[in-house]
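Following: one structure in structure tokens, then a few remarks.
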Amino acid sequence: MIGRLLNKLRKSYSRRGLRGTVVHAINRASQRFLELTPTWRRSMREKAERDQAFDSRHGVDTGGIIQLNSLQIAGTSWQNGTSYWAIDPAVFARLVGTLAIHHQDFTFIDFGSGKGRAVLLASEFPFKSVIGVEFSPELDQVARENLAGFRSERQQCWDMRLVCADALQYPLPHDPLVCYFFNPFGREVMARVAERIAESYQTQSREIYILYANPQHAVVWQQNGCFQQIAATPDFAIFKTHD
Ligand SMILES: C[S@@+](CC[C@H](N)C(=O)[O-])C[C@H]1O[C@@H](n2cnc3c(N)ncnc32)[C@H](O)[C@@H]1O
């Protein structure tokens, strides 16, 4: 057991350095502690019930929590990624419902689409097209099956596409965009993705909205001169390119 612990520490040290290893260990310990509390257990039970209700209503599999270190993902940016966990449909409806736009002009992109729940939910708005970008081939495959089996009376967009790629490599379309993030990665990757979106805007000026659910690194967008914040709630933040 001590041997395993030392091995883990050695690996973490070579990936994260000393400070990163200490911060990671503190985060893991506080997460473990949180998971023992009755409040956390109740919220997990309620999440499982909501997942089950969504999946059986729509004939899909989008529920659960999946740690990235249990998946086969090429490259190293998974170390900065968060676990798979699907958006609460009520939060998504509030977030996208806030936008006063002509949806038909916009392409919606989910950065870190996982099993595709947000792609499915976005198809219930009349977007020009909806794209999900996910770097785990296993999650991407589940999302493909979900798109094929999705049942919804409210669907208004049928141009749905999935791209199995790292968000850092994905070339942005030149349409007006709604870029959606459900806390998919840490600050470092978020800053690089924000930079890519800003560069794309500078190459081709157009309306770009950033919808950020569970906005843990909102500061990245606040500090990027290309965007202004137009909404802030505890559940999400919205940014837009300057008029
Ligand atoms: C919290 S889940 C969000 C799932 C989905 N967007 C939703 O709203 O239901 C975050 C997802 O981002 C993916 N992810 C993390 N880093 C990524 C990256 N660099 N490129 C592509 N996908 C990434 C993870 O694999 C995971 O599926």
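Could you list, in sequence order, the residues of the range 234-243 that are touching a residue at least 24 places away in the same chain (Cβ under 8 Å) and out of contact with any Asp or Glu (no Cβ under 8 Å at 6 or more places or on another chain)?
Taking the range 234-243 as the starting set, the residues that turn out to be touching a residue at least 24 places away in the same chain (Cβ under 8 Å) are 235-241.
Hits for the range 234-243 are Asp235, Phe236, Ala237, Ile238, Phe239.
Table: residues versus (1) assigned to a helix (DSSP H, G or I); (2) under 22 Å from Ala118 (Cα atoms); (3) open to solvent by 50 Å² or more (accessible area, probe 1.4 Å).
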residue	(1), (2), (3)
Lys8	yes, no, yes
Arg16	yes, no, yes
Val23	yes, no, yes
Asn27	yes, no, yes
Met44	yes, yes, no
Ala53	yes, yes, no
Arg57	yes, yes, yes
Thr62	no, yes, no
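Can you confirm whether Gln72 is at pLDDT below 95, in a loop (DSSP other than H, G, I, E, B), open to solvent by 20 Å² or more (accessible area, probe 1.4 Å) and out of contact with any strand residue (DSSP E or B) (no Cβ under 8 Å at 6 or more places or on another chain)?
Details: at pLDDT below 95: yes; in a loop (DSSP other than H, G, I, E, B): yes; open to solvent by 20 Å² or more (accessible area, probe 1.4 Å): yes; out of contact with any strand residue (DSSP E or B) (no Cβ under 8 Å at 6 or more places or on another chain): yes.
So Gln72 passes the test.
Taking the conditions exactly as written (more than 18 Å from Lys11 (Cβ to Cβ) and of a type in the set (A, V, I, L, M)), does Ala74 satisfy them or not?
Working: more than 18 Å from Lys11 (Cβ to Cβ): yes; of a type in the set (A, V, I, L, M): yes.
The answer is yes for Ala74.
Could you list, in sequence order, all residues of the range 100-130 that are buried (at least 18 other Cβ atoms within 10 Å of the Cβ) and aliphatic (A, V, I, L, M)?
Within the range 100-130, Ile109, Ala118, Val119, Leu120, Leu121, Ala122, Val130 meet the criteria.
Working carefully through the options Arg206, Arg161, Arg144, Arg192, find the one that is in contact with a strand residue (DSSP E or B) (Cβ under 8 Å, 6 or more places away or on another chain), assigned to a helix (DSSP H, G or I), assigned by TED's automatic domain parsing to the domain that holds Val130 and not aliphatic (A, V, I, L, M).
On the way: Arg206 fails: assigned to a helix (DSSP H, G or I); Arg161 fails: assigned to a helix (DSSP H, G or I); Arg192 fails: in contact with a strand residue (DSSP E or B) (Cβ under 8 Å, 6 or more places away or on another chain).
On inspection, the qualifying residue turns out to be Arg144.
How many of the residues making up the range 98-126 are in contact (Cβ under 8 Å) with a residue 60 or more places away in the chain, over 18 Å from the mean Cα position of the chain (by Cα) and either closer than 12 Å to Trp158 by Cα or not in a loop (DSSP other than H, G, I, E, B) (or both)? If you could, list the steps in order and put the result at the bottom.
Filtering the range 98-126 for residues in contact (Cβ under 8 Å) with a residue 60 or more places away in the chain gives 98-99, 101, 105-112, 117-118, 120.
Right, trim to over 18 Å from the mean Cα position of the chain (by Cα) and you get 98-99, 101, 105-106.
Remaining after also requiring either closer than 12 Å to Trp158 by Cα or not in a loop (DSSP other than H, G, I, E, B) (or both): 105.
Total meeting the criteria: 1.
With Ser77, Ser152, Ser136 as the choices, which residue is buried (at least 16 other Cβ atoms within 10 Å of the Cβ) and modelled with pLDDT of 95 or more?
Values: Ser77 fails: modelled with pLDDT of 95 or more; Ser152 fails: buried (at least 16 other Cβ atoms within 10 Å of the Cβ).
Among Ser77, Ser152, Ser136, only Ser136 is buried (at least 16 other Cβ atoms within 10 Å of the Cβ) and modelled with pLDDT of 95 or more.
Can you tell me how many residues within the range 81-99 are open to solvent by 30 Å² or more (accessible area, probe 1.4 Å) and within 7 Å of the ligand (Cβ to nearest atom)? Give the derivation first.
Initial filter on the range 81-99 (open to solvent by 30 Å² or more (accessible area, probe 1.4 Å)): 82-83, 85, 88-90, 93-94, 97-98.
Pick out the ones that are also within 7 Å of the ligand (Cβ to nearest atom) and you get 82-83, 85.
The qualifying residues number 3.
Confirm whether Ala48 is more than 12 Å from the ligand (Cβ to nearest atom) and either under 30 Å from Phe125 (Cβ atoms) or of a type outside the set (Asp, Glu) (or both).
Details: more than 12 Å from the ligand (Cβ to nearest atom): yes; either under 30 Å from Phe125 (Cβ atoms) or of a type outside the set (Asp, Glu) (or both): yes.
Yes.
The values are calculated or read from the model by the stated rules, or taken from the named source; none is laboratory data. In this text, all values refer to a predicted model and were calculated from it rather than measured experimentally. A quick note on method: Cβ atoms are made from the backbone with ideal geometry, for glycine too, and the neighbour counts reach across all protein chains shown. Ligands, DNA and RNA are stripped out before the accessible areas are found, and what is left, the full protein with its side chains, is counted by its heavy atoms. Shrake-Rupley method; radii C 1.70, N 1.55, O 1.52, S 1.80 Å.
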